[in-house]
Amino acid sequence: MRTSGDSAVRLTVWVAGRVQGVGFRWWTRCRALELGLVGEARNLPDRRVAVVAEGDQLACEQLLVALSGGATPGRVDGVVEQWGDATGRWTGFSEA
């Protein structure tokens, strides 16, 4: 996790479980937009979903909690997170 005081961060999360074909990317996009984040959620060939979100650190932390919680579509068996510096690549949040 990043230290507080950073203006914008990048959170990458790989979500494993039954997360493809159940509306998980759409749900993730809705949560991210509610939190004011930009980025993308995309399906991976190994049946995981990769989520990249940039913005306020607290908002990214809230998204991570939501992705890890039991209220997601489908079933989340595990998440792996990676933190870094925001790149400014995105202007919205997409389902790729």
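Just so you know, all these numbers are worked out from the coordinates, no wet-lab data involved. Because the structure is predicted, anything quoted here is derived from the model rather than measured. Reconstructed Cβ throughout: ideal geometry from the backbone, glycine too, with neighbour counts over all protein chains shown.
Summary of values
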{"read-out": "Residue list for region 65-96, restricted to those being loosely packed, with under 11 Cβ neighbours inside 10 Å and closer than 16 Å to residue 54 by Cβ", "value": "82, 88, 91, 96"}
{"read-out": "Count of residues meeting criterion [outside any loop (DSSP other than H, G, I, E, B) and either farther than 19 Å from residue 90 by Cα or among the aromatic types (Phe, Trp, Tyr) (or both)] in region 1-22", "value": "5"}
{"read-out": "Residue count for region 23-39, restricted to those that are in contact with a Pro (Cβ under 8 Å, 6 or more places away or on another chain) and either in a strand (DSSP E or B) or closer than 16 Å to residue 65 by Cβ (or both)", "value": "2"}
{"read-out": "Residue match in region 40-50 (condition: in a strand (DSSP E or B), of a type in the set (Val, Ile, Thr) and under 11 Å from residue 11 (Cβ atoms))", "value": "no"}
{"read-out": "So residue 58, is it under 16 Å from residue 83 (Cα atoms), in contact (Cβ under 8 Å) with a residue 12 or more places away in the chain and outside any loop (DSSP other than H, G, I, E, B)", "value": "no"}
